[in-house]
1. Would you check if ASN79 is surrounded by fewer than 17 Cβ atoms within 10 Å (Cβ to Cβ), assigned to a loop (DSSP other than H, G, I, E, B), out of contact with any Leu (no Cβ under 8 Å at 6 or more places or on another chain) and assigned by TED's automatic domain parsing to the domain that holds ASP68?
2. For the stretch 231-277: of the residues being surrounded by 20 or more Cβ atoms within 10 Å (Cβ to Cβ) and among the charged types (D, E, K, R), which is nearest to LYS29 (Cα to Cα)?
3. Scan the strands (runs of 3 or more DSSP E) fully inside the stretch 213-274 and keep the ones with 3 or more residues being within 21 Å of SER38 (Cβ to Cβ).
4. Collect the residues in the stretch 98-125 that are surrounded by 17 or more Cβ atoms within 10 Å (Cβ to Cβ) and assigned to a loop (DSSP other than H, G, I, E, B), keeping them in residue-number order.
5. Have a look at SER129, SER188, SER117 and point out the one that is in contact (Cβ under 8 Å) with a residue 12 or more places away in the chain, of a type outside the set (Val, Ile, Thr) and within 14 Å of GLY219 (Cα to Cα).
6. Please go through the stretch 150-167 and give me each residue that is in contact with an Asp or Glu (Cβ under 7 Å, 6 or more places away or on another chain), at pLDDT below 95 and surrounded by fewer than 21 Cβ atoms within 10 Å (Cβ to Cβ), ordered by number.
Amino acid sequence: MKKSLILMVILCATLVARGEDYRIAVIPKGTTHEFWKSIHAGAIKAARELKAEGTNVEVIWKGPLREDDREQQVQVVENFIARRVSGIVLAPLDARALVAPAETAVRAGIPVVIIDSGLNSTQPVSTVSTDNYKGGVLGARRLAELLDGKGKVILLRVLAGSTSTEQREAGFLDTLARDYPGITVISSDQHAGATRDTAYRAAQNLLNRFGREVTGIFGPNESSATGMLLALRDAGLAGGKVKFVGFDTGTQTVAGLKTGDLQGLVVQNPFKMGYLGVKTIVASLRGETVEKDIDTGCELVTLDNLNEPATMDLLNPPLGKYLD
């Protein structure tokens, strides 16, 4: 009996000592686009800061390769539940398909913070994301400005079920319909898919069909914007012949802005998103009160403000400092 009591005391002491050690699973929608690398870097920065403050945080980064592989993302979540991680930071590929695994995690005592894209559940402790609807509004206003309020435009959608991009698309279409009666949307039902290659093919098809009449285009994420950029160049419609506004930073889209092939980019802060995602889940694990919704902001970048210090910080997050 005495020996059992001693063992229990040792076990309790060990648990207390390990109370500030956390294993945090960060699960992106995909692992190839530069956007997700920025989120990863922000998560690592948060973990390093917490460690410097005396809280040991291990970030475990894993997600599907493609941003349309819902089944694989569900499996990743389920595997982390089985591994009994301390908490999960999740960018859900689908607002509905990821509800069940996320809520299973919560029932298992593993809190969940949502980043980037919404989830149809009230059980996550917080959502850390861009105001995506506002991002779509910014894109619409910039394109309307470039077109002097009149013309024919294309919206190349991204993926059905992705709340973040669907909100951008809604903000874009609602703004044009409400504020710019001289602009007609001639196509808004085509999807770019999960990669730059699928976006490129979708963009080629659209330009083959509408290239003689389209005057403006909006691509609401990095891959759709990059694919459309390449297709416009191939069709001889780049350089402002067709006004083009994209979303998210990437090597090719930023270069396209500099050469005049894009006339605007709506830019998020994925580095901040990853950083606050980890900070928020650790605060929740400590029993601290956290905000239910945290807006990480978005800005319109053009040639006019491209070289401003604040813009340069958004376009060039310190990936090399945090990622091997």
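1. Against the criterion (surrounded by fewer than 17 Cβ atoms within 10 Å (Cβ to Cβ), assigned to a loop (DSSP other than H, G, I, E, B), out of contact with any Leu (no Cβ under 8 Å at 6 or more places or on another chain) and assigned by TED's automatic domain parsing to the domain that holds ASP68), ASN79 does not qualify.
2. Checked the stretch 231-277; the qualifying residue nearest to LYS29 (Cα to Cα) is ASP248.
3. In the stretch 213-274, the matching strands (runs of 3 or more DSSP E) lie at 243-247, 264-267.
4. Matches in the stretch 98-125: LEU98, ILE110, PRO111, ASP116, SER117, GLY118, LEU119, SER121, PRO124, VAL125.
5. From the options SER129, SER188, SER117, the qualifying one is SER188.
6. Once the filter is applied, which keeps residues that are in contact with an Asp or Glu (Cβ under 7 Å, 6 or more places away or on another chain), at pLDDT below 95 and surrounded by fewer than 21 Cβ atoms within 10 Å (Cβ to Cβ), the stretch 150-167 yields only GLY161.
The values are calculated or read from the model by the stated rules, or taken from the named source; none is laboratory data. Bear in mind the structure is a predicted one, so any value in this text is a computation, not a measurement. No Cβ is skipped: glycine too gets one built from the backbone with ideal geometry, and neighbour counts run over all protein chains shown.
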